[in-house]
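What follows is a set of notes on a single structure, which appears directly below.
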Amino acid sequence: MSFPLYRREALVREIADRLQTLHGPHANAYWRERVAMVAAALREAGVGQDKVRAEILGLQDAVQIRIRGEAASYYGE
């Protein structure tokens, strides 16, 4: 798995696009599932828990920035 996660554009785009089609508990469940998968892969690769947490937080920021950017483009901001 390549680092940092926030630079994995395909992963960020995939998650952001999917989250934009989900709402409430469905969005939360999807996010938790994806985070669990990514975290498991990182741990399997020997990444320590602190680094896993930092990578997930960076990924979360990147996904949120992408969603906000797409919303701003949609509304002409």
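A few points about this structure:
- Of the DSSP H helices in the chain, those whose Cα atoms cover at least 20 Å axially and whose Kyte score averages 0.5 or more: none
- A Gaussian network model of the chain, with springs between Cα atoms under 10 Å, assigns the largest mean-square fluctuation among 11, 42, 22 to 22.
- Of all accessible heavy-atom area on the chain, the percent that carbon and sulfur account for (1.4 Å): 52 percent
- Cα→Cβ-extended label distance, 7 Å offset, between residue 33 and residue 67, nm: 1.6 nm
- Under 12 Å, Cβ to Cβ, from residue 40 - net charge with Lys/Arg +1 and Asp/Glu -1: 0
- In a reduced charge model with +1 at each Lys and Arg Cβ and -1 at each Asp and Glu Cβ, segment 1-56 shows a dipole moment near 60 debye about its Cα centre.
- Accessible area expressed per residue, the chain, with surrounding protein chains retained (probe 1.4 Å, Å²): 69 Å²
- Simple label model, 7 Å out from Cα along Cβ direction - residue 18 to residue 45, nm: 1.8 nm
The values are calculated or read from the model by the stated rules, or taken from the named source; none is laboratory data. What you are looking at is a predicted structure, and each value in this text was computed from that prediction instead of being measured. Note: ideal-geometry Cβ built from the backbone for every residue, glycine included; neighbour counts use all protein chains shown. Remember, those area values only see protein heavy atoms, side chains included, never the ligands or the DNA or RNA. Shrake-Rupley method; radii C 1.70, N 1.55, O 1.52, S 1.80 Å.
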